[in-house]
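First comes the structure, then the notes that go with it.
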2 protein chains.
Amino acid sequence: MRAIILVEPQMGENIGAAARAMSNFGIEDLRIVNPRDGWPNSKAYDLAAHGSYVLDNAQIYTSLKSASNDLNFLYATTIQPRDMDKQVLHPKQLQQADASSNIGIIFGRERSGLTNEEISLADAIISIPTSSKNPSLNLAQAVAIASYELSQLISLKPVKKKLGELASKHDIDHFFDTFFANLSKTDFLKNPKIEPTMRINIRNMLARALKSTQDVKTMHGIVKALRKSDD
Amino acid sequence: MRAIILVEPQMGENIGAAARAMSNFGIEDLRIVNPRDGWPNSKAYDLAAHGSYVLDNAQIYTSLKSASNDLNFLYATTIQPRDMDKQVLHPKQLQQADASSNIGIIFGRERSGLTNEEISLADAIISIPTSSKNPSLNLAQAVAIASYELSQLISLKPVKKKLGELASKHDIDHFFDTFFANLSKTDFLKNPKIEPTMRINIRNMLARALKSTQDVKTMHGIVKALRKSDD
């Protein structure tokens, strides 16, 4: 279970944008403690886009304690580490949490954050490092970053893509044989002192380009076309 | 240098919220290509809060190429990996980039993202993994997550690996202009139906080879030599 708990959020827009970001990262359990403008809130729906189902399913509570009853591990978010005897984690350290436990991340009011009493209910503090010039994150953007890090705990589909059939070393060697045979007929490699080094450097450079069989075919075509052309 | 490049953003609110998030993470170089509603945009300022200085200093461009002239390394953000032969990175892999180079992260239009041609200008793709149920991130929230990850880079010591002076995007664009001008005189790109796709594929392939200013110089020399030669 992965829950986001908003304590006394003030702006419906922020609740909606937070729900959208949660949904983007597959975090769907939104709990709201005493929303200032009541519930439901049409401004929240305006900003939620395709994340509106997170708002539909949001639970409303009258205290942080009741909102976190069923969770095993609570993180409080603060901008500056407070003078409290609690472990302060970077958001990336969320990954060290037990992925099987029920985790809640608590966010405070836009203006004043969480009280020390509320923080005391948490097991640890998460502090998103921000610039001293402008330390205060928008609530929904803080939720977005926390949800992004939380989503790494859940196994999402790995980023994957097709590269096309990879060229064999044989194909690549053959290309360079043809290529250098062509280049030898020009004046480009005519300085015998540096020719071996130039060949190596050129090969190193072009080898970065030649990944798939299609790449090799295209390069053969380019060399042939350039050689045949006449100004 | 760490730049965020927004290509044809539609909503001023998103530009402002993006500027706020950038500022939160100490990323202050905002570049905007053809903002739909012109510039400056009062709605952007409404949302920027203490990040408004990022908007004050934002530069406006008429093309992605001109916006990225002075950068060495460009990342394009996409939701789903495209069927393009480019490395696809998780945002956390940004940390593998050379911290000493000038990095730009490109974000596309709210509705339609980046075109394949725009993506072809990038060195790699960054894909923020999202839920298949609601994959589409709000633009400003995507910028927030990228800025958050970028801010982790700044504190890293630059990776010491002398590759030679990195080529600027300007040098690389100039090479491709010359290269395609030469190739156009041959019969290689003569099929108008597939020419645009071929150009993109060829650029994607050769861009992998062109890292340093020396690489670019060498490739200019090779093209010139091959063109001048006669069997």
Check: Between A:D56 and A:Q10, what FRET efficiency follows from the Cβ-Cβ distance if R0 is 25 Å, with the result rounded to 0.05?
Finding: 0.70
Item checked: FRET E, pair B:M1, A:K86, Förster distance 22 Å, beta-carbon r, rounded to 0.05 -> 0.05
Checklist line | Along principal axes, Cα extents of the protein assembly as shown, largest first, whole Å | finding: 86, 45, 37
Checklist line | Radius 12 Å from Cβ of B:H220, net charge of other residues (Lys, Arg +1; Asp, Glu -1) | finding: 0
Item checked: Overall form of the stretch B:1-153 per C-alpha gyration tensor (a/c, 1.5; a/b vs b/c) -> rounded
Next item on the list: Hey, can you grab everything whose amide H is under 5 Å from the amide H of A:G26? Only 5+ residues off in sequence or another chain; H modelled, so Pro and N-termini drop out.
Entry: B:S131
Item checked: Relative contact order [Cα under 8 Å, 6+ residues apart], chain B, whole percent -> 22 percent
Margin query: Compute a Gaussian network model of chain B, connecting alpha carbons closer than 10 Å, and tell me which residue from B:E149, B:E118, B:E195 fluctuates the most.
Written below: B:E195
Notebook entry, point to check: Exposure proxy check: A:T178, A:T77 ranked by fewest other beta carbons within 10 Å?
Noted result: A:T178, A:T77
Next item on the list: Tally the DSSP beta bridges in the protein assembly as shown and give the antiparallel ones as a percent, rounded to 5.
Entry: 10 percent
Next item on the list: Give, as a single signed number, the net charge of other residues whose beta carbon lies under 11 Å from the beta carbon of B:A58, with Lys and Arg counted +1 and Asp and Glu -1.
Entry: -2
Item checked: the protein assembly as shown, helix-only ellipticity at 222 nm - DSSP H runs n ≥ 4, -39,500 (n - 2.57), divided by all residues, nearest 500 -> -12500 deg cm²/dmol
Notebook entry, point to check: Of A:T213, B:T186, B:T130, how do they rank once you tally other Cβ atoms within 10 Å and put the fewest first?
Noted result: A:T213, B:T186, B:T130
Item checked: From phi via Karplus (6.51, -1.76, 1.60), per-residue ³J(HN,Hα) for the stretch A:48-64 in Hz, x at Gly/Pro -> 7, 6, 6, x, 5, 5, 5, 5, 4, 8, 5, 9, 9, 10, 9, 8, 5
Check: Could you give, in nm with one decimal, how far B:K217 is from each other copy of that position, shortest first, with labels 7 Å out from Cα toward Cβ?
Finding: 3.6
Checklist line | For B:I125, A:I194, order by how many other beta-carbon atoms lie within 10 Å, fewest first | finding: A:I194, B:I125
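Throughout, read-outs are computed from the coordinates displayed, never taken from laboratory work. Just so it is clear, the model here is predicted, and its values are computed rather than measured. Reconstructed Cβ throughout: ideal geometry from the backbone, glycine too, with neighbour counts over all protein chains shown.
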